[in-house]
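FYI, it's all coordinate maths here, none of it is from the lab. Everything quoted here is computed from the prediction, not taken from an experiment. Every residue, glycine as well, gets a Cβ built from its backbone with ideal geometry; the counts of neighbours run over all protein chains shown.
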Amino acid sequence: MTLQLTEIFYSLQGEARTVGWPTVFIRLTGCPLRCGYCDTRYAYQGGEAVTHQYVLDKVKAYRTRHVTVTGGEPLAQAACLPLLTQLCDASYEVSLETSGAVAVDNVDQRVSIVMDLKTPASGESGRNRLENIDLLRAKDQLKFVICDQQDYQWARQMLEDYQLAERCEVLFSPAFGQLEGSQLADWVLADQLPVRMQLQLHKLLWGDQPGR
């Protein structure tokens, strides 16, 4: 079994609970979604076919315990699941960045899932697999990328309807170049929401460069 790989790179984690930690990123190729704000369109297709051992050897070259498997949509490849297990077996702290449009029920329980629920402005909110929410645990995180006030109100309603903050950590992030972080922060504070406001550290440091 092989994986279709776009890139492996070493950088600072820019989001979620491990923000700031040196991390190896494994970006798999392919995604069934076409979000309007996507910043990794280069991962939609192409890449190279590699073995799991190739990926493990590349990761081992970096002296870090943090590994993130991302995409595209990594779970679009069946070979992603055994890779996650092999990384956990190697004692890495593994996180998975997924859109939530693909079932997460077979993801290794040791993996921290970072699920990106798609907002209306993404153009893909109809693809959200809402049954995934019931599978999230306290160690997981649920992310909303907010493009405008309509997105914010939608995310706020989801927060209430599904009691999301009682299930896992909830992250609100402004869409890069579309919504000012200060505006989103004002909304969160005004409504006293139990969410973590986050900015994308890697973009603050290096802009919108691929592989950073």
Residues whose modelled amide H sits under 5 Å from the amide H of Ile146, counting only those 5 or more places away in sequence or on another chain, are Ser173, Ala175
Could you run the Karplus curve 6.51 cos²θ - 1.76 cosθ + 1.60 with θ = phi - 60° over the range 93-104 and give me ³J(HN,Hα) per residue in whole Hz, x for Gly and Pro? 8, 10, 10, 10, 9, 10, 6, x, 8, 10, 4, 10
What are the ³J(HN,Hα) values, in whole Hz, obtained from phi via the Karplus relation 6.51 cos²θ - 1.76 cosθ + 1.60 with θ = phi - 60°, for each residue of the range 125-130 in sequence order, with x given for Gly and Pro? 5, x, 8, 4, 8, 5
Given a Förster distance of 22 angstrom, what is the FRET efficiency for Leu130 paired with Arg17, based on the Cβ-Cβ distance and rounded to 0.05? 0.45
Per residue of the range 26-33, in order, report the coupling 6.51 cos²θ - 1.76 cosθ + 1.60 (Karplus, θ = phi - 60°) as ³J(HN,Hα) in whole Hz, putting x for Gly and Pro. 10, 9, 7, 8, x, 7, x, 9
Dipole axis of the chain (+1 Lys, Arg; -1 Asp, Glu on Cβ), positive-most option in Ser173, Gln109, Gln198: Gln109
Given the Cα-Cα distance of Tyr62 and Ala138 and 0.36 nm per residue of separation, how much length would full extension add, in nm? 24.5 nm
Size of the dipole of the range 2-206 about the Cα centre, Lys and Arg at +1 and Asp and Glu at -1 on the beta carbon, nothing else charged, in debye to 20? 540
Virtual paramagnetic centre 7 Å along Cα→Cβ of Gln209, amide N under 16 Å, in the range 1-17: 8-14
Alpha-carbon centroid distance for the pair the range 140-208 / the range 1-15, whole angstrom: 24
Amide H partners (placed H, <5 Å) of Asp116, local residues excluded: Thr98, Ser99, Gly100, Lys143
For the range 2-206, max minus min Cα coordinate along each principal axis, in Å, sorted largest first? 49, 35, 29
From the helices alone, meaning DSSP H stretches of at least four residues, give me the mean residue ellipticity at 222 nm for the chain, per-run term -39500 (n - 2.57), in deg cm²/dmol to the nearest 500. -6500 deg cm²/dmol
